[in-house]
1. Just the residues that are of a type outside the set (Lys, Arg) and crowded, with 17+ Cβ neighbours inside 10 Å, please, taken from the stretch 281-309.
2. Only one of these conditions is not met by residue 111: (1) surrounded by fewer than 20 Cβ atoms within 10 Å (Cβ to Cβ); (2) part of a helix (DSSP H, G or I). Which number is it?
3. Go through 129, 137 for me and flag whichever is crowded, with 21+ Cβ neighbours inside 10 Å, small (Gly, Ala, Ser), within 23 Å of residue 148 (Cα to Cα) and touching a strand residue (DSSP E or B) at 6+ places or on another chain (Cβ under 8 Å).
4. Just to be sure before I move on: is residue 268 surrounded by fewer than 20 Cβ atoms within 10 Å (Cβ to Cβ) and within 27 Å of residue 54 (Cα to Cα) in the structure I sent?
5. Being in contact with a Gly (Cβ under 8 Å, 6 or more places away or on another chain), modelled with pLDDT of 95 or more and buried (at least 18 other Cβ atoms within 10 Å of the Cβ): is that true of residue 95 here?
6. Considering the stretch 158-182 alone, what residues qualify as being in a loop (DSSP other than H, G, I, E, B) and surrounded by 15 or more Cβ atoms within 10 Å (Cβ to Cβ)?
7. Evaluate the following for residue 146: is it small (Gly, Ala, Ser) and assigned to a loop (DSSP other than H, G, I, E, B)?
Amino acid sequence: MSSLSTALSQVTNQPRYKMTLDRRNPHQPFDASLIAGFLRGRGVRSVDLLQAGKINTNYKLVLTDGLACVLRLYSRSDAAREVYVMGLVRDFVPVPVELDRGDGWSIFEFLEGELLENAPQHSAAAGEALARIASVAFESPGMINADGSISSFDFGGRGFIHQQLENADVLRWIGREAAESVLSILDRESERRSEIGVESRLVHGDFNATNILIRGGAVSGILDWEFGMSGTPYMDIGNLLRNTPPRCHDLVQKGLRAGGMDLPDDWKQRAELVDLGSHLEYLTSTRSDEFKRQCVARVRRFISMFGGS
């Protein structure tokens, strides 16, 4: 029997596919032949589809030699770029080590831990890790390329917001009156938004509770760096606040300060100004109606926070 046939025959549990409208891309099927070179004659004892994540597909594999790893199948992002960005923070926060790579896939070590989503009482640890990530500085904001260069990118500035507020799907969900209120707020907040827009710190880009692992009360892994960029840390702060219970937001603040971040009094307002673009963009996506209703509620809270009508 060939090594590939052995790998296939020794899989004791196959992944269960559960399609959900909350994904941006459907799960890609597991195919052992894709990683035959990595297996090098080893069998695959088990394959488990990891449900977290909305774009790429991730499988936990356990090989017959006991190695536990994650097969990451990319739908649109660049493995080389993602691995480069992780290398920038490896000395500050725990990130998985890449074991192998091929066309459209990477194999990473499996990191043990519980999702912060299920352990929000450890939000201070997540905030401290965020501050450490933000300690990495660049000369300018933009998308980080695999060679370390920075490409200019619009991080949700006025042009981006205008585009979203003119989108028919966004207007259908929030209404014209709310859209006008948002525009008025953005005009009033132009100075504060300008200050935020020139920041050039390392940003994870998807720093939410399903990408942060907790073990023993500490962060044991930060996953999914495909959106890593140079920009404002308030992008990550807004994402973390959005994906943790309000009762834990004081813990986030405590962690940020413990990690060395100097927070102004209006840090939450700054985070909300940056996170607004995500709420609007989600309304143009294939996410579920239930999720989009949550986005509408966040937009209305944003209007209330900043004194809109």
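The values are calculated or read from the model by the stated rules, or taken from the named source; none is laboratory data. Computed from a predicted model, the values in this text were never measured in an experiment. Cβ: placed from backbone, ideal geometry, glycine included. Neighbour counts: every protein chain shown.
1. Selection gives 281, 282, 283, 295, 296, 299, 302, 303, 306, 308.
2. Only one criterion is unmet by residue 111, namely (2).
3. 129
4. Against the criterion (surrounded by fewer than 20 Cβ atoms within 10 Å (Cβ to Cβ) and within 27 Å of residue 54 (Cα to Cα)), residue 268 qualifies.
5. For residue 95, the condition - in contact with a Gly (Cβ under 8 Å, 6 or more places away or on another chain), modelled with pLDDT of 95 or more and buried (at least 18 other Cβ atoms within 10 Å of the Cβ) - is met.
6. 167
7. For residue 146, the condition - small (Gly, Ala, Ser) and assigned to a loop (DSSP other than H, G, I, E, B) - is met.
Here is a yes/no grid of residues against (1) in contact with a Pro (Cβ under 6 Å, 6 or more places away or on another chain); (2) over 22 Å from residue 192 (Cα atoms); (3) not aliphatic (A, V, I, L, M):
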residue: 241; (1), (2), (3): no, no, no
residue: 244; (1), (2), (3): yes, yes, yes
residue: 261; (1), (2), (3): no, no, no
residue: 267; (1), (2), (3): no, no, yes
residue: 274; (1), (2), (3): no, no, no
residue: 277; (1), (2), (3): no, no, yes
residue: 286; (1), (2), (3): no, yes, yes
residue: 293; (1), (2), (3): no, yes, yes
residue: 306; (1), (2), (3): no, no, yes
